[in-house]
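Peer 1: Dropping the structure in here first, questions after.
The values are calculated or read from the model by the stated rules, or taken from the named source; none is laboratory data. Quick caveat, the model's predicted, so the values are computed rather than measured. Note that each Cβ is placed from the backbone with ideal geometry, even for glycine, and that neighbours are counted across all protein chains shown.
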Amino acid sequence: MFGEERTITDEFPKYFLDYREKISEEVRWDYRLISSEGTWSGNIFDFYFKIVNKITDNLNIPFKIINGIRHEDTRVHEAVREAVANALIHADYRLPRGIVIEKGKTFFKVSNPGSLRITREEALKGGVSDPRNENIFKMFNLLGVGERAGSGLENIQLAWKEQEWLAPDLEELYNPDRIELTLRTVSMLPEESITLIKSALKNKYNELSREKVVALVAAHQEGYVTNNRLQQLLDTHSRNSSKILTSLVDKEYLETDGIGRGTKYYLSDVFKYEFIENNECCEENDVELSLDEKIVLDFINKNIFITTKLCIETFGFGKTKSVSIFNKLIKLGLIKKVGSGSKISYILASEV
């Protein structure tokens, strides 16, 4: 893991490291570094030090004064570095898709192949450590990087709580096994979400508890919310988060997809017209599209149609974002909705 990429892949054929930066709408990636490009060693040690300053660059965090000395390295900087190191330490390099680190305008996403070796609750609470790769763990620890005594996620959560940002989202995926940690640098209750929810619910907004507002905001910001995610956001237990989500479904503010633990909760059609209104262009002839809207339009052009499910699976958008994009393209007269119920799809307006 500390040699050359070609030597590493002899032992681990699926080994792959990928760092992506996407800040602007105009390009696919503002910066990208992959282990197989051949211009550097491609090992995990060099990968870490090549990206660690880049990923924390431009973090909008106030510096601290300690003993009269300015310190620009904050707990958030440490948390992001720790998230990257932990992905490298805990990855199962025999599995496909490799390690992917993403930096966006308002988020960091760190994903690595492998499953959790402790329970999700233990990982979030801290205090238990079971690294998959002991030697890599020791190497990073000698450099003063990586979790100590299982404190990794706990430290990250504290850093995010200090900034009053949305709680870190730890998700375990399967087929193939994969761990995904998303760190959003947005407020727990961002103004844009609150404005949208208030506009849709009018006076009924005042009847909502803070916990229910957090659930609706999460569904808006992240595309959907789950019981596990709400537990993280509210630092509560499963029964309470289930009660909150069920209440919002009963009020028809959320709609469900799936059953049991895998149930996802999306904002309902109560909010649909707010999405349309917020996405209207100032002028009818103003058809300037975002990169995501162009990608969806191009997909329809090549494949004749698209559905919400296809949009989610192909581009990784949440249901809310997909609906928002469709509504804007409909408003601009570029696409049309056909079918009804589960048979709804979207085609080019010129095809109708």
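Peer 1: List the pairs whose first member sits in region 320-340 and is within 24 Å of TYR253 (Cβ to Cβ), whose second member is among the small types (Gly, Ala, Ser) and at pLDDT below 85, and whose Cβ atoms are under 7 Å apart, counting only residues at least 6 apart or on separate chains?
Peer 2: Pairs that qualify, where the first residue is within 24 Å of TYR253 (Cβ to Cβ) and the partner is among the small types (Gly, Ala, Ser) and at pLDDT below 85, are THR320/GLY223; LYS321/GLY223.
Peer 1: In addition: What's the total number of residues in region 156-189 that are aromatic (Phe, Trp, Tyr) and either touching a residue at least 40 places away in the same chain (Cβ under 8 Å) or farther than 19 Å from ALA219 by Cβ (or both)?
Peer 2: Here the count works out to 2.
Peer 1: Now, a different point. Looking at LEU254, LEU297, which one is touching a Leu at 6+ places or on another chain (Cβ under 8 Å), modelled with pLDDT of 90 or more and farther than 18 Å from GLN221 by Cα?
Peer 2: Exactly one residue qualifies, and that residue is LEU297.
Peer 1: Here's something else I'd like to know. Just for region 303-345: of the residues that are among the aromatic types (Phe, Trp, Tyr) and surrounded by fewer than 18 Cβ atoms within 10 Å (Cβ to Cβ), which one is nearest to GLU293 (Cα to Cα)?
Peer 2: If we take residues in region 303-345 being among the aromatic types (Phe, Trp, Tyr) and surrounded by fewer than 18 Cβ atoms within 10 Å (Cβ to Cβ), then PHE315 is nearest to GLU293 (Cα to Cα).
Peer 1: Can you work out which of the residues in region 222-250 that are touching a residue at least 40 places away in the same chain (Cβ under 8 Å) and in contact with an Asp or Glu (Cβ under 9 Å, 6 or more places away or on another chain) is farthest from PHE107 (Cα to Cα)?
Peer 2: Residue satisfying both the conditions and the ranking: ASN228.
Peer 1: Can you tell me which residue in region 62-113 is nearest to the chain's Cα centre (by Cα), limited to those that are at pLDDT 90 or above and basic (Lys, Arg)?
Peer 2: Looking at the filtered set, the residue picked out is LYS109.
Peer 1: Kindly indicate the residue of region 294-343 that is in a helix (DSSP H, G or I) and of a type in the set (Ser, Thr, Tyr) and also farthest from the chain's Cα centre (by Cα) among those meeting that condition.
Peer 2: Per the criteria, the residue is SER342.
Peer 1: Going by what's in this entry, would TYR19 be described as farther than 26 Å from HIS77 by Cβ, aromatic (Phe, Trp, Tyr) and within 25 Å of the chain's Cα centre (by Cα)?
Peer 2: When the stated conditions are applied, TYR19 does not pass them.
Peer 1: Restricting attention to region 162-208, report how many residues are part of a strand (DSSP E or B) and not hydroxyl-bearing (Ser, Thr, Tyr).
Peer 2: Qualifying residue count, region 162-208: 12.
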